[in-house]
Amino acid sequence: MNKKVGYAIALAAGLALPFFVYPVFLMKVLCFALFACAFNLLIGFTGLLSFGHAAFFGMAGYVAGHALKVWGMPFELGLLAGVVTAALIGLLMGGLAIRRQGIYFTMITLALAQMLYFVCLQAPFTGGEDGLQGVPRGKLLGMLNLGDDLTLYYVVLAIFVGGFALIMRTIQSPFGQVLKAVKENEPRAISLGYDVDKYKLLAFVLSAALAGLAGATKTVVLGFETLTDVHWSMSGLVVLMTLVGGLGTLTGPIVGAVLIIALENKLGDLGNFLANLTTIEWFRTIGDSVTIVTGFIFIVCVLAFRRGIVGEIGALFRRTPPGTTAGTGVGH
């Protein structure tokens, strides 16, 4: 199927879904899908494994929530404040981390993100362990009331589509081709005259800004922000989403985010349904074992779907049919 047709069908489904599924759940899925896509831009197309993306996601949420609640900023400026904050933190963190490679890069991002977590734990404007509560949604352009779930859903959908389009355009641009070259063979990219550190830093900042956009939007949707979003476990969750969906694929992180968030929110309902269907009461406890079920899915994907769900499906369609000559498509 033509990719443009596929995207058009997906967009049409997105426009219709809030009439069948709870809009707040859908908005949460869209925010995490954008977060996973932003992370995938860094690891899937640049080859940099950051374990500190929760810092951008959570800190942008805190700043946006504080700007809307305390400073009384309009919706647009509140989101912008969160994105700019995430980009600046990304610039600082990336400037320090890209000096190292491999596991050292990952550990530096984790350490810096944990430092930020403890700042959020102590800072007055975050609310500490109680979190930031009662964040108003405000109005879009001073006209559209975002207190209505359906209205806000379409705004969040537009934000997600815009972010995804930016990621797709970045990957397909000459800049994106250099990022892929850096991932595949960094010494060769250096020998061709590219300033590799500059490209990696730009990719890091762009990924941080988009992760911040996702975090700020999530805070507006739910009306609160907590320490969970800046904890290292959130960084692990976005890694899981990306790997399960398909590392280095455009739509893989979206599939992974949908799967993981659906499990977290709907696993209990599924357990109750199975218990009523089979009269086995044990199924009612599944909702309390989300982490175990998620871990099991991760193990299955690592063992059976090494390229993730979307990666394996794509590989299946790319295989040469039996009886054809590779490259020509002509049978013997």
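The values are calculated or read from the model by the stated rules, or taken from the named source; none is laboratory data. Since the structure is predicted, the reported quantities are computational estimates derived from the model, not experimental observations. For neighbour counting, all protein chains shown are included, and Cβ atoms are generated from backbone atoms with ideal geometry for every residue, glycine included. We work out accessible area using only protein heavy atoms, side chains counted, and drop any ligands, DNA or RNA first. Shrake-Rupley method; radii C 1.70, N 1.55, O 1.52, S 1.80 Å.
At-a-glance table
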{"read-out": "Calculated from backbone phi, Karplus (6.51, -1.76, 1.60) coupling profile of the stretch 227-234 in Hz, x at Gly/Pro", "value": "5, 4, 6, 10, 7, 4, 5, 5"}
{"read-out": "Neighbour net charge for residue 227 - beta-carbon separation under 12 angstrom, K R +1, D E -1", "value": "-4"}
{"read-out": "Cα-based equivalent ellipsoid of the stretch 102-154: semi-axis lengths in Å, sorted from largest, via gyration tensor", "value": "35, 18, 8"}
{"read-out": "Gain on full stretching of the segment that runs from residue 188 to residue 276 - 0.36 nm per residue minus C-alpha separation", "value": "25.7 nm"}
{"read-out": "Directionally averaged projected area (convex hull, Cα atoms, the stretch 12-78), nm²", "value": "6.3"}
{"read-out": "222 nm mean residue ellipticity, helices alone, for the chain (DSSP H n ≥ 4; -39,500 (n - 2.57); rounded to 500)", "value": "-23500 deg cm²/dmol"}
{"read-out": "Range in the chain, longest, excluding exposed chymotrypsin sites (Phe, Trp or Tyr not before Pro) [loop by DSSP; at most 12 other beta-carbon atoms within 10 Å]", "value": "72-332"}
{"read-out": "Sequence ranges 80-92, 134-146, ranked by mean other-Cβ count within 10 angstrom, highest first", "value": "80-92, 134-146"}
{"read-out": "Karplus-derived HN-Hα couplings along the stretch 180-197 (A = 6.51, B = -1.76, C = 1.60, θ = phi - 60°), whole Hz, x at Gly and Pro", "value": "5, 5, 4, 5, 6, 7, 5, x, 5, 4, 5, 5, 7, x, 7, 7, 4, 4"}
{"read-out": "Pairwise label distance in nanometres, residue 172 with residue 262, each label 7 Å out on the Cα-Cβ vector", "value": "2.7"}
{"read-out": "GNM flexibility winner over the chain from 215, 78, 314 (Cα, springs under 10 Å)", "value": "314"}
{"read-out": "FRET E, pair residue 139, residue 21, Förster distance 30 Å, beta-carbon r, rounded to 0.05", "value": "0.75"}
{"read-out": "The chain, accessible area per residue, ligands and nucleic acids excluded (1.4 Å, Å²)", "value": "50"}
{"read-out": "Isotropically averaged projected area of the stretch 125-263, using the convex hull of Cα atoms (one quarter of hull area), nm²", "value": "10.6"}
{"read-out": "Under 5 Å, built H, 5+ apart or other chain: amide partners of residue 73", "value": "68"}
{"read-out": "Positive dipole terminus of the chain, leading residue within 204, 315, 7 (C-beta point charges)", "value": "315"}
{"read-out": "Proximal lysine pairs, the stretch 127-265, alpha carbons under 23 Å, eight or more residues apart or interchain", "value": "5"}
{"read-out": "³J(HN,Hα), Karplus 6.51/-1.76/1.60, whole Hz, each residue of the stretch 253-262, x for Gly, Pro", "value": "x, 5, 4, x, 5, 4, 5, 5, 5, 4"}
{"read-out": "Principal axes of the chain: Cα extent on each, largest first, Å", "value": "70, 61, 40"}
{"read-out": "Extension reserve of the residue 91-residue 71 stretch, reckoned as 0.36 nm per residue once the Cα distance is removed", "value": "4.7 nm"}
{"read-out": "For residue 307, distant residues with modelled amide H under 5 Å away", "value": "312"}
{"read-out": "Of 126, 106, 278, the one that fluctuates the most in a GNM where the chain has Cα springs shorter than 10 Å", "value": "278"}
{"read-out": "Carbon and sulfur %, accessible surface of the chain computed with the full protein complex present, 1.4 Å", "value": "68"}
{"read-out": "Rounded Å value of the spacing that divides the Cα centres of the stretch 152-180 and the stretch 1-58", "value": "10"}
{"read-out": "Computed magnitude of the charge dipole of the chain (debye, nearest 20; Cβ of K, R +1, Cβ of D, E -1)", "value": "1020"}
{"read-out": "Full-stretch length increase - residue 232, residue 9 - with 0.36 nm per residue and alpha-carbon distance subtracted", "value": "76.7 nm"}
{"read-out": "Interchain or long-range residues, amide H under 5 Å from residue 224's placed H", "value": "135"}
